[in-house]
Amino acid sequence: MHNAALRQLGLDWRYLAFDVHPDKLREALEGCRAMKFLGINLTVPHKLIAMPFMDVLDASAREWGAVNTVALEGRMGEGDWKPMREFEQTPPTDVRLCGYNTDADAVIRSVSEDLGCVLRGLKVLVLGAGGAGRVAALKLASGGVASLYLVNRTVSKAQEVADEAARRFPGVQVHVGYPSERMDLVLNATSLGLRSGDPLPYDAAQWSPRQASLAYDMIYRPAETPFLRQAKAEGCRVANGLGMLLYQGAKALEIWSGRPAPIDLMRQALVNHIYGES
Ligand code: ATR
């Protein structure tokens, strides 16, 4: 999606993937600094490990304790720091690494745009309280949902996220366990559905998507998990996590390039790459 966007924007840049062992992350980042890269994306498990290696942390990275996007900045002597794209002719004398998190906003943008809903006032059930579930629950709470039900195999983790959500967003009703009332939205943030043969991410003896209107799965491969298939069969409007991948990438590109990302083209490139050309 990035290379398609770079071509469209007429930027002679390339987006490349590098396999870096976590023990070598610091060296890899120093290499990016030495080579004056424009920007970097980090994925699991580097998002957490990279935090202390940043020279500057944007509020988005500080808030979530994770960095998925690094923007490199340069300066001449004691001059002002500027984005690396401004040093095409003369290289800067100094380079710094600025850490951002574009994941968290992408969850909210994808849920609201891809499901066509306004989050404020919704009743939401979040399945899963790992890293992804925590960020989704807290972002939904910050988006002004009315109530939040949290379910996780390890109940203590759901309780921890519930306590944090209640403390940070006192206007939201937070519960641990399945709701008896009807939900507007159910969101799967567990890893169940990634592998074929995985069970459903909820206990069908206790709850059913028939008790919800919208269903979102943070998984995007396969395009339709058993959870989304079941939710659709039971009448929910559904969306998968492709939009999260798209919007975190679009935001990163906007940070690096200072220009609006060609979203539709990036979405098409992702769809072609992940689901095949057809
Ligand atoms: P991520 O960062 O993607 O959220 P994670 O922190 O490992 O990854 O979280 C995975 C989530 O899927 C957790 O909610 C996990 O439940 P636990 O906290 O109890 O581990 C959930 N999960 C994974 N495998 C599961 C399974 N077989 N049954 C139920 N939940 C499962």
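Report the residue count in segment 65-83 for those that are buried (at least 18 other Cβ atoms within 10 Å of the Cβ) and over 26 Å from the mean Cα position of the chain (by Cα). Residues in segment 65-83 being buried (at least 18 other Cβ atoms within 10 Å of the Cβ) and over 26 Å from the mean Cα position of the chain (by Cα): 1 in total. Within segment 84-97, identify whether any single residue is surrounded by 14 or more Cβ atoms within 10 Å (Cβ to Cβ), polar (S, T, N, Q) and at pLDDT 95 or above, and answer yes or no. For segment 84-97, residues surrounded by 14 or more Cβ atoms within 10 Å (Cβ to Cβ), polar (S, T, N, Q) and at pLDDT 95 or above: absent.
Ala205 satisfies every condition listed in (1) surrounded by fewer than 16 Cβ atoms within 10 Å (Cβ to Cβ); (2) under 19 Å from Gly130 (Cβ atoms); (3) within 16 Å of the ligand (Cβ to nearest atom) except (2). Taking the options Ala204, Ala212, name whichever one is out of contact with any strand residue (DSSP E or B) (no Cβ under 7 Å at 6 or more places or on another chain), at negative phi and among the small types (Gly, Ala, Ser). Sole residue among the options that is out of contact with any strand residue (DSSP E or B) (no Cβ under 7 Å at 6 or more places or on another chain), at negative phi and among the small types (Gly, Ala, Ser): Ala204. Contact map, segment 97-121: residues that are more than 30 Å from Leu72 (Cα to Cα) paired with residues that are of a type in the set (D, E, K, R) and modelled with pLDDT under 95, Cβ distance under 8 Å, separation 6+ or inter-chain. No pairs are found. Residues that are over 17 Å from Ile108 (Cα atoms) and within 16 Å of the ligand (Cβ to nearest atom) within segment 164-175 comprise just one, Glu164.
Filtering segment 210-267 down to residues that are part of a strand (DSSP E or B) and not β-branched (Val, Ile, Thr), which residue is nearest to the ligand (Cβ to nearest atom)? Going through the qualifying residues, I end up with Asp217.
Have a look at Leu200, Leu194, Leu187 and point out the one that is surrounded by fewer than 17 Cβ atoms within 10 Å (Cβ to Cβ), modelled with pLDDT of 95 or more and outside any helix (DSSP H, G or I). Working first, answer last.
Numbers: Leu200 fails: surrounded by fewer than 17 Cβ atoms within 10 Å (Cβ to Cβ); Leu187 fails: surrounded by fewer than 17 Cβ atoms within 10 Å (Cβ to Cβ).
Just a single option satisfies the conditions, and that option is Leu194.
Let's see how each residue does on (1) hydrophobic (A, V, I, L, M, F, W, C); (2) within 24 Å of Met244 (Cβ to Cβ); (3) at pLDDT below 95:
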position: Ala28; (1), (2), (3): yes, no, no
position: Ala34; (1), (2), (3): yes, no, no
position: Val56; (1), (2), (3): yes, no, no
position: Ser60; (1), (2), (3): no, yes, no
position: Ala66; (1), (2), (3): yes, yes, yes
position: Glu73; (1), (2), (3): no, no, no
position: Trp81; (1), (2), (3): yes, no, no
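Taking the options Ala106, Ala34, name whichever one is out of contact with any His (no Cβ under 7 Å at 6 or more places or on another chain), small (Gly, Ala, Ser) and buried (at least 20 other Cβ atoms within 10 Å of the Cβ). None of the others qualify; the one that does is Ala106. Is it fair to say Ser191 is more than 14 Å from the ligand (Cβ to nearest atom) and of a type in the set (Ser, Thr, Tyr)? So Ser191 fails the test. Only one of these conditions is not met by Lys123: (1) within 16 Å of the ligand (Cβ to nearest atom); (2) more than 15 Å from the chain's Cα centre (by Cα). Which number is it? Of the numbered conditions (1) within 16 Å of the ligand (Cβ to nearest atom); (2) more than 15 Å from the chain's Cα centre (by Cα), the odd one out for Lys123 is (1). Looking across segment 18-62, just one residue is in contact with a Phe, Trp or Tyr (Cβ under 9 Å, 6 or more places away or on another chain) and among the hydroxyl-bearing types (Ser, Thr, Tyr), and that is Ser60. Scan segment 136-163 for residues that are surrounded by fewer than 23 Cβ atoms within 10 Å (Cβ to Cβ), within 11 Å of the ligand (Cβ to nearest atom) and in a helix (DSSP H, G or I) and the total you get is 4.
The values are calculated or read from the model by the stated rules, or taken from the named source; none is laboratory data. Just so you know, these numbers come straight off a predicted model, no measurement behind them. Using ideal geometry, Cβ is built from the backbone for each residue, glycine included, and neighbour counts are taken over all protein chains shown.
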